[in-house]
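K.L.:
Got a structure for you, questions after.
The values are calculated or read from the model by the stated rules, or taken from the named source; none is laboratory data. Remember, predicted model here, so these are calculated numbers, not experimental data. Note that we place each Cβ from the backbone using ideal geometry, even for glycine, and neighbour counts take in every protein chain shown. To get the accessible areas, we keep the full protein, side chains included, count just its heavy atoms, and leave off ligands, DNA and RNA. Shrake-Rupley method; radii C 1.70, N 1.55, O 1.52, S 1.80 Å.
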Amino acid sequence: MTMTRKLILITGMSGSGKTTLAKKFRARGFVTVTMGDVIRGLAREKELPPTPENLGRLATGIRKEGGDHAVAKLCVEKIIELPDDIVLVDGIRSIKEVEVFGDKFEAVLVAVFASQKTRYARLTARGRSDDPKELSTFKARDDRELGFSLSHAIALADYIVRNDGSLDDFEEEFESLLALIGWF
């Protein structure tokens with residue numbers, strides 16, 4: 001049964017700008033549920049440092065045990081408790097996750113795209129504990145996430161936001177996206 005709540009689902013490769021897009025929505029007053037926070041929370045519960053290797057193992061493990069939609073199901077529980085009419089979900093990794101959200105809510109899928117070169121530069125500069133320190137780790141992360149069928153989610157997105165340019169360019173993409181979705 002579909003609830004009247006609407007979701008904006010954000011997908012894209014690591015470093016493409018999903019979090020930056022989510023911040024733009026939050027600045028407009030939208031609440032955000034971040035799927036990666038579920039994995040980082042599991043790491044804290046297990047008292048594991050949030051390294052790329054540990055988070056990768058946890059992300060793979062939870063999906064192996066509960067299916068490609070396991071993280072989405074945990075997020076649905078959180079979303080149902082929220083009072084907001086429109087919720088942003090940051091970090092879609094598979095089309096199965098999209099299906100879980102679509103079964104419960106009205107949802108649109110937005111893919112953020114940036115080149116591999118741009119994404120690697122961003123991640124090495126960002127400094128988060130799970131960011132890759134070398135190109136081989138970055139490529140392994142890409143391979144792992146593509147293994148979750150991330151490419152299918154990107155390919156089937158309702159909207160694509162390009163993010164290879166400046167922050168001003170990205171702001172224009174954001175404004176265009178708001179107009180295209182038309183829920184506001």
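K.L.:
In the structure displayed, which of 23/104; 46/96; 24/117; 23/133; 6/78; 73/96 lie more than 18 Å apart, Cα to Cα?
P.N.:
23/104; 46/96; 24/117; 23/133
K.L.:
Once the piece of chain linking residue 30 and residue 124 is laid out straight, how much longer is it, given 0.36 nm per residue of separation minus the C-alpha distance between them?
P.N.:
Length gained, residue 30 through residue 124: 31.0 nm.
K.L.:
For 65, 172, 81, write out the residues from largest to smallest accessible area, computed with a 1.4 angstrom probe and no ligands counted.
P.N.:
65, 81, 172
K.L.:
So, one more: Contact order normalised by length for segment 88-184, with contacts defined as Cα pairs under 8 Å and 6 or more residues apart; what percent is it?
P.N.:
Dividing the mean separation by the residue count of segment 88-184 yields 40 percent.
K.L.:
In segment 59-184, carbon and sulfur make up what percent of the accessible area (probe 1.4 Å)?
P.N.:
53 percent
K.L.:
With runs of 4+ DSSP H residues as the only contributors, calculate the mean residue ellipticity of the chain at 222 nm using -39,500 (n - 2.57) per run, divided by the residue total and rounded to the nearest 500.
P.N.:
Value at 222 nm, helices only: -17000 deg cm²/dmol.
K.L.:
If the cut-off is 18 Å between C-alpha atoms, which aspartates and glutamates fall inside it for residue 139, apart from same-chain ones fewer than 8 positions away?
P.N.:
The reachable aspartates and glutamates, counting only those whose Cα sits under 18 Å from residue 139, are 53, 130, 131.
K.L.:
Let me ask another. How many Å² of accessible area per residue for the chain, probe 1.4 Å?
P.N.:
51 Å²
K.L.:
Here's something else I'd like to know. Treat every Asp and Glu Cβ in the chain as -1 and every Lys and Arg Cβ as +1, leave all other atoms uncharged, and give the resulting dipole magnitude about the Cα centre to the nearest 20 debye.
P.N.:
480 debye
K.L.:
Shifting gears a bit: How high is the FRET efficiency between residue 6 and residue 47 when r is their beta carbon distance and R₀ equals 30 Å, given to the nearest 0.05?
P.N.:
Efficiency computed from Cβ-Cβ geometry: 0.20.
K.L.:
Protein chains only, probe 1.4 Å: how do 63, 26 rank by accessible area, largest first?
P.N.:
26, 63
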